[in-house]
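Every number here is computed from the coordinates shown, using simple stated rules; none is lab data. Given the structure is predicted, the values throughout are model-derived calculations rather than measurements. Neighbour counts are summed over all protein chains in view; Cβ atoms, including those assigned to glycine, are modelled from backbone coordinates with ideal geometry.
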Amino acid sequence: MTTIALITGANKGIGLATARLLGEAGMTVLVGARDAERGEAAAKSLAQDGLDASFVPLDVTSQESVLGAAQTVGAAHGRLDVLVNNAGIAIGDGTRAAPSQTQLGTLRTTFETNVFGVVAVTSAFLPLLRESAAGRIVNVSSEVGSIGSMLDRASPLWPMASIPYPASKAALNMVTAMYAKELADTPIKVNAANPGYCATDLNGKTGFRSAEQGAQVSVHLATLPPDGPTGTFWGFLWTGSNEESYGELPW
């Protein structure tokens with residue numbers, strides 16, 4: 001039986017790379033995107049490479065869109081095996097804005113996509129994930145959402161002090177933990193992924209890792225075996241060295 005995977009924000013960057021890797025692993029990939037033209041183009045590019053891919057209109061900030069997408073997937077497949085909550089935004093109030101300069105509008109907009117959108121999508125698709133023999137939920141977080149890492153003076157993250165994006169990812173980590181607790185006695189595993197600082201449109205392509213490298217973290221968590229972990233924050237460990245290191249991050 002083919003594994004059905006939905007990736008939000010999958011028309012570019014880490015989302016598209018994740019869709020490609022999951023498709024190459026033999027999964028049917030559903031390209032979730034709010035922009036129909038870009039979503040269709042992404043799905044077409046995957047299909048042209050021989051992958052089983054199709055576009056699903058999905059704006060995570062619209063409850064109507066989220067529910068419509070769940071109905072579409074349910075009607076077409078009857079279940080969902082993998083949900084990768086990849087859609088996210090990073091906006092700020094100036095370069096390296098201090099916490100005291102944070103605008104509430106920026107904070108609300110960021111949380112609308114990075115936190116509220118994940119809850120809306122996860123809850124809407126949960127009935128379909130329960131139909132899977134081994135559902136997997138991957139929430140794409142960030143090392144800047146790790147309070148322990150952000151307070152470590154020896155960490156490369158110490159200079160960062162902006163609120164909106166880091167706070168939204170810290171909240172996403174708690175969302176991950178709470179869903180993992182709810183689903184602890186089911187076959188569904190829920191984990192947060194840290195792709196690392198990847199060169200994508202999110203950061204003006206300034207990251208030192210590729211989108212494909214970041215996507216590999218989500219793919220790892222999306223394909224965990226039955227005895228794999230749940231309720232963890234796992235991925236790239238930014239130690240300041242040039243070595244590739246992966247493992248569990250502190251919350």
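The charge dipole of region 54-194, taken about the Cα centre with unit charges on the Cβ atoms of Lys, Arg (+1) and Asp, Glu (-1), comes to about 220 debye, rounded to the nearest 20.
For Lys12, the aspartates and glutamates whose Cα falls under 18 Å of its own Cα, not counting residues fewer than eight places away in the same chain, are Glu24, Asp35, Glu37, Glu40, Asp49, Asp52, Asp59, Asp201, Glu212. Once both axes come from the Cα atoms, what is the angle between helix 117-129 and the longest principal axis of the chain, in degrees from 0 to 90, rounded to 10? Orientation of helix 117-129: about 30 degrees from the principal axis.
Sorted ascending by nearby beta carbons within 10 Å, beginning with the fewest, Asp59, Asp93, Asp227 become Asp227, Asp93, Asp59. Hey, for a label at Asp49 modelled as a point 7 Å past Cα toward Cβ, could you say which residues of region 176-217 have their backbone N under 17 Å away? Within reach of a label on Asp49, which here means backbone N under 17 Å from a point 7 Å along Cα→Cβ, region 176-217 contributes 199-201, 210-217. If you build a Gaussian network model of the chain, linking Cα atoms that sit under 10 Å apart, which residue out of Pro229, Pro195, Pro99 swings the most? It is Pro99. Footprinting exposure proxy ranking of Ser168, Ser146, fewest other C-beta atoms within 10 angstrom first, gives Ser146, Ser168.
Using every pair of separate Cα atoms, the Kirkwood estimate puts the hydrodynamic radius of the chain at 18.0 angstrom. The lysines within cross-link reach of Lys181, meaning a Cα-to-Cα straight distance under 24 Å and a gap of 8 or more places when in the same chain, are Lys169, Lys189. Using helices alone, I'd like the mean residue ellipticity at 222 nm for the chain: each DSSP H run of four-plus residues gives -39500 (n - 2.57), total over residue count, nearest 500. After summing the helix terms and dividing by residue count, I get -12000 deg cm²/dmol.
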